[in-house]
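Shown next, in structure tokens, is the structure this report addresses.
The values are calculated or read from the model by the stated rules, or taken from the named source; none is laboratory data. Everything numeric in this text was worked out from a predicted model, so none of it was measured. Note: ideal-geometry Cβ built from the backbone for every residue, glycine included; neighbour counts use all protein chains shown. Accessible surface is based on the protein model in full, side chains and every heavy atom, while ligands, DNA and RNA are left aside. Shrake-Rupley method; radii C 1.70, N 1.55, O 1.52, S 1.80 Å.
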Amino acid sequence: MEQNRAVHAFATLGHPGRMAVFRLLMRFAPQGVRPTEIAEALAIKQNTLSHHLADLTASGLVQVTRAGRSLYYAVDLDTTEGLIGYLALDVGRARPDLLAPLLSDPKDTVQVDRTFPDTDFDVLFICSGNSARSIFAEALLRDLGKGKFQAFSAGTRPNSQLNPFALEILKRNGHDTSVLRSKHISEFQQPGAPVMDFVFTVCDTAAAEECPPWPGQPITGHWGLPDPVKATGTDAEKALIFAQTYGALRRRIMTFVELPFASLSRMSLQSRVDAIGSDDHASA
């Protein structure tokens with residue numbers, strides 16, 4: 001990246017409001033987010049947000065697309081890669097004492113007390129309430145994963161009980177629900193917790209939550225789906241919404257477990273994960 005462009009980008013991120021918007025968009029990357037959703041998540045006024053988005057777009061860090069009447073803002077990953085590369089390689093001169101700690105695999109350097117079955121990949125699904133969507137995902141991956149995955153789920157504000165409609169859908173599809181419960185994400189941020197290989201958010205609320213970086217540099221993805229708990233109507237109509245949510249997650253997880261993990265680079269695997277969560281893939 002050329003120096004003047006890098007300076008412009010760094011100056012843009014030097015404002016706490018613009019940095020907050022950029023960090024939020026990174027959690028949804030590569031997908032875009034509507035301004036109303038950004039404003040709600042960050043609790044900022046629309047006119048203030050408009051200025052921040054204009055500055056981020058002018059710096060090249062963010063791009064905007066239109067879908068129907070809605071505008072979607074997303075991180076420009078190529079520009080972001082160039083900025084990080086400029087800082088690490090040009091400014092930092094690729095010093096190993098700077099880069100090695102960032103690139104090392106904590107699974108090789110951190111002693112983890114594994115009281116869980118030893119599987120190839122540990123996967124965590126996060127939503128706000130941990131009563132339906134992330135519970136669906138945990139049960140699906142556990143049963144469709146062919147023994148290659150250890151599935152977990154948690155919530156940023158977990159409910160005390162699992163949703164009865166969700167439990168009924170799982171039982172009807174042959175899943176064991178006896179081991180499922182709502183959990184807070186803090187359970188997986190304690191010493192001795194499994195080091196995750198993948199962390200997925202399955203709702204926009206959880207993706208927008210402030211969350212510390214996960215140890216182990218897991219591959220992350222946003223597989224957001226509307227909250228079936230908010231469905232209205234008769235019990236039959238609500239049950240249909242839950243069934244549709246279950247079906248959408250089942251299709252995504254079936255695609256995920258069939259990925260050729262052994263032959264994919266980390267970058268390729270991230271791209272595949274992103275594609276699974278995209279709207280185009282979800283509707284396919």
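Numerical summary
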| item | result |
| --- | --- |
| Test set (1) closer than 25 Å to residue 272 by Cβ; (2) at pLDDT 95 or above - residue 31 fails condition number | (2) |
| Looking only at the range 65-104, and only at residues there that are in contact with a strand residue (DSSP E or B) (Cβ under 7 Å, 6 or more places away or on another chain) and not charged (D, E, K, R), the one that is farthest from residue 278 (Cα to Cα) | 71 |
| First in the range 151-170 and assigned by the TED database to the domain that holds residue 244, second anywhere and open to solvent by 50 Å² or more (accessible area, probe 1.4 Å) and among the aliphatic types (A, V, I, L, M), Cβ under 9 Å, 6 or more apart | 159/229; 163/229; 165/229; 165/241; 166/229 |
| Of the criteria (1) open to solvent by less than 20 Å² (accessible area, probe 1.4 Å); (2) part of a loop (DSSP other than H, G, I, E, B), which one residue 162 fails | (1) |
| Residue that is farthest from residue 204 (Cα to Cα), among those in the range 271-280 that are in contact (Cβ under 8 Å) with a residue 12 or more places away in the chain and not in a loop (DSSP other than H, G, I, E, B) | 272 |
| Verdict on residue 176 being open to solvent by 10 Å² or more (accessible area, probe 1.4 Å), part of a loop (DSSP other than H, G, I, E, B) and at pLDDT 90 or above | yes |
| Residues being small (Gly, Ala, Ser) and touching a Lys or Arg at 6+ places or on another chain (Cβ under 8 Å) - total across the range 129-165 | 5 |
| Candidate set from the range 34-50 (those that are within 21 Å of the chain's Cα centre (by Cα) and in a loop (DSSP other than H, G, I, E, B)); member that is farthest from residue 274 (Cα to Cα) | 43 |
| Test: residue in the range 201-223 that is of a type in the set (Ser, Thr, Tyr), in contact with a Pro (Cβ under 9 Å, 6 or more places away or on another chain) and either in a loop (DSSP other than H, G, I, E, B) or open to solvent by 10 Å² or more (accessible area, probe 1.4 Å) (or both) | no |
| Of the criteria (1) without any contact (Cβ under 8 Å) to a residue 60 or more places away in the chain; (2) surrounded by 14 or more Cβ atoms within 10 Å (Cβ to Cβ), which one residue 147 fails | (2) |
| Residue identified as under 23 Å from the mean Cα position of the chain (by Cα) and in a helix (DSSP H, G or I) among 89, 53, 98 | 53 |
| Only listed residue being open to solvent by 80 Å² or more (accessible area, probe 1.4 Å), part of a strand (DSSP E or B) and charged (D, E, K, R), chosen from 66, 5 | 66 |
| Residue list for the range 30-45, filter: hydrophobic (A, V, I, L, M, F, W, C) and surrounded by fewer than 20 Cβ atoms within 10 Å (Cβ to Cβ) | 39, 42, 43, 44 |
| From 205, 232, residue being in the same structural domain as residue 147 (by the TED database), within 18 Å of residue 133 (Cα to Cα) and modelled with pLDDT of 90 or more | 232 |
| All positions within the range 89-127 that are open to solvent by less than 70 Å² (accessible area, probe 1.4 Å) and either more than 27 Å from residue 151 (Cβ to Cβ) or at pLDDT 90 or above (or both) | 92, 94, 99, 100, 121, 122, 123, 124, 125, 126, 127 |
| The range 251-270: number of residues that are touching a residue at least 60 places away in the same chain (Cβ under 8 Å) and buried (at least 18 other Cβ atoms within 10 Å of the Cβ) | 2 |
| Top-ranked residue of the range 135-166 - restricted to ones that are among the hydroxyl-bearing types (Ser, Thr, Tyr) and at pLDDT below 95, ranked as farthest from the chain's Cα centre (by Cα) | 160 |
